[in-house]
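K.L.:
Attaching a single structure in structure tokens format; questions to follow.
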């Protein structure tokens, strides 16, 4: 009887391991996370909108000095070939899909991080995705290089 119990336990453990392996395999992805091409719309507090089409990551803009304080934020994005296939709105201030930072450029390098852009000079407005955006995978960045004269 003891030998029969050992064989039964062995078969039961084997069946359990087999079932768990199949369950884990079924729940796991195939290792290929889908990546989407992304287009974004960036709004400036002065009313201008800058649109980055699919594959575009850099813009150069010249603005005459007018004393207006400018802030920037990503307001819409489009994931190419995604199920919605249209512009998606950024919902409220708590939607952290995109980070936006403004920098004062000194000698071609980003030096001082700013909240807004006002004075004459060269600036970089950098937008980047978070690493864990679903369904967006990977890291993407865009920059608007601004010269205020």
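The values are calculated or read from the model by the stated rules, or taken from the named source; none is laboratory data. All of these numbers come straight from a predicted model, not from anything done at the bench. FYI the Cβ positions are ideal-geometry reconstructions off the backbone, even for glycines, and counts take in every protein chain you see.
K.L.:
Take residue 59 and tell me if it is modelled with pLDDT of 95 or more and assigned by TED's automatic domain parsing to the domain that holds residue 142.
P.N.:
yes
K.L.:
Across region 62-86, what is the total count of residues that are modelled with pLDDT under 90 and assigned to a loop (DSSP other than H, G, I, E, B)?
P.N.:
Selection size over region 62-86: 7.
K.L.:
Of all residues in region 26-52 being exposed (fewer than 12 other Cβ atoms within 10 Å of the Cβ) and in a loop (DSSP other than H, G, I, E, B), which is modelled with the highest pLDDT?
P.N.:
My answer is 47.
K.L.:
Filter region 116-149 down to the residues that are at pLDDT below 90, assigned to a loop (DSSP other than H, G, I, E, B) and within 19 Å of residue 50 (Cβ to Cβ) and list them by number.
P.N.:
Listed by number, the list holds a single entry, 140.
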